[in-house]
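Q: I'd like to ask some things about the structure below.
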Amino acid sequence: MIPYGRQDISDADVQAVVEVLKSDWLTQGPSIPAFEQAVADRCNAAHAVAVSNATGALHIACLALGVGPGDIVWTAPNTFVASANCALYCGADVDFVDIDARTYNMSINALREKLIKAKIAGRLPKVVIPVHFAGQSCDMREMRELADTYDFSIIEDASHAIGGRYLDGAVGNCRYSDITVFSFHPVKIITTAEGGMALTNDVSLDQRLRLFRSHGVTRDTALMHGDSEGPWYYQQVELGYNYRMTDIQAALGLTQLTRLDEFCERRRQIAARYDAAFEGVSIVPPWQSPDTSSALHLYPILCAQGTNRRGMFDALRAAGIGVNVHYFPVHLQPYYQKFGFKRGDFPEAENYYARTISLPMYASMSDESVQRVIDAVVTVAQG
Ligand SMILES: *Cc1c(COP(=O)(O)O)cnc(C)c1O
């Protein structure tokens, strides 16, 4: 079975991990600040905080922005559950903004309309979490304008999108947002096994992210209440967590990062071959906005209107193609239906879900595998 995604681990990656294992530090060593700096430099952000995974990064991003009981956080329904759960962890409420039918990202028009209503109702969101679905950035310039008008913060869930670009900048530069989060799960663009990162240009958010990452504890006298009692002394000033990355993971991340361009280039080659092969075939390939260069975490096709997605999915799996579906709309998860969300609430996300299939897409995919996927899709779509 050709998987829908998988990691690409080189000898240099293995060597980097082995070197850490033989060194003095397994947890908090020099690879972590080196990896943080390398990602910040690469993305043109001022600060980067390495975290145990993107779920933890989203959680501490919400905490750093002061999300708590009584607040509302909005995200898109077409995402992994973690984009919404992070707000619930903080005791806040979650609501969703429907997606754009072309990009499958949060719709700016739907956001604008929902903000107008929320302002009248006195229930404006504290934070909005756009998700750069499949690696393609949301329309961040428009979102920034709305954030300035309606006074909310923005966390970009860029779990799919390291290596992507928006307008003339790298995703992660936080030019239009408060915090950007990356995931380094093995199916994502680069991997540290488990791992994530939160980037920001705001020095006080950086401090708060670091506090929440590690128990709310600090050795920085500037953050202490009263004086330090000596070199051994630390203070807990917030209720934080243990969301630290290990030095082993950071070393892997550093070597993976050196191949980020190569990985994205290979993904673009594969997408270009898919695009060309599917011309005239009755499926809808993913649309790419001219404002963006996608990192292409996913290649989601839509089955032709009115055709049987389940039949096509099963036929592709039977042909050895490890297709998948991203995503079952979060508001329809049983846990979220408890809050009163129901079918019909976000029709674009539901329509998209009913028709989508994610084709295999990963940097180490061979040309032969790409051809097998193309042949199977063309056969099944015409059959
Ligand atoms: C993978 C993913 C996450 C969670 O990432 P982890 O590193 O596995 O915690 C969050 N949001 C989206 C959109 C993702 O795809």
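The values are calculated or read from the model by the stated rules, or taken from the named source; none is laboratory data. Just so we're clear, the structure is a prediction, and the values are computed from it rather than from any experiment. Here Cβ is always computed from backbone atoms with ideal geometry, including for glycine, and neighbour counts include all displayed protein chains. Each accessible area value is taken on the protein alone, full model and side chains, heavy atoms only, with ligands, DNA and RNA left out. Shrake-Rupley method; radii C 1.70, N 1.55, O 1.52, S 1.80 Å.
Q: Determine whether the stretch 7-30 contains at least one residue that is surrounded by fewer than 23 Cβ atoms within 10 Å (Cβ to Cβ), outside any loop (DSSP other than H, G, I, E, B) and within 13 Å of the ligand (Cβ to nearest atom).
A: no
Q: Restricting attention to the stretch 277-318, which residues are assigned to a loop (DSSP other than H, G, I, E, B), open to solvent by less than 50 Å² (accessible area, probe 1.4 Å), out of contact with any Ser or Thr (no Cβ under 6 Å at 6 or more places or on another chain) and over 20 Å from residue 161 (Cα atoms)?
A: 278, 281
Q: While we're on this one: Residue by residue through the stretch 137-179, note down the ones that are within 12 Å of the ligand (Cβ to nearest atom) and touching a Gly at 6+ places or on another chain (Cβ under 9 Å).
A: Residues satisfying the conditions are 156, 158, 159, 160, 161, 162.
Q: Let me ask something additional. Residues of the stretch 329-350 being under 19 Å from residue 107 (Cβ atoms), open to solvent by 20 Å² or more (accessible area, probe 1.4 Å) and small (Gly, Ala, Ser), which ones?
A: 344
Q: Could you list, in sequence order, the residues of the stretch 76-116 that are away from the ligand (no atom under 16 Å from the Cβ) and either modelled with pLDDT under 95 or part of a helix (DSSP H, G or I) (or both)?
A: Once the filter is applied, which keeps residues that are away from the ligand (no atom under 16 Å from the Cβ) and either modelled with pLDDT under 95 or part of a helix (DSSP H, G or I) (or both), the stretch 76-116 yields 108, 109, 110, 111, 112, 113, 114, 115, 116.
Q: Then there is this: Just to be sure before I move on: is residue 58 within 8 Å of the ligand (Cβ to nearest atom) and modelled with pLDDT of 95 or more in the structure I sent? Steps first, answer last, please.
A: On the way: within 8 Å of the ligand (Cβ to nearest atom): yes; modelled with pLDDT of 95 or more: yes.
Criteria met by residue 58.
Q: Condition first: open to solvent by less than 70 Å² (accessible area, probe 1.4 Å), assigned to a helix (DSSP H, G or I) and under 23 Å from residue 261 (Cβ atoms). Now tell me which residues in the stretch 34-55 satisfy that.
A: 34, 35, 36, 38, 39, 40, 43, 54
Q: Of 67, 131, which residue is out of contact with any Pro (no Cβ under 8 Å at 6 or more places or on another chain), away from the ligand (no atom under 16 Å from the Cβ) and in contact (Cβ under 8 Å) with a residue 24 or more places away in the chain?
A: Just a single option satisfies the conditions, and that option is 67.
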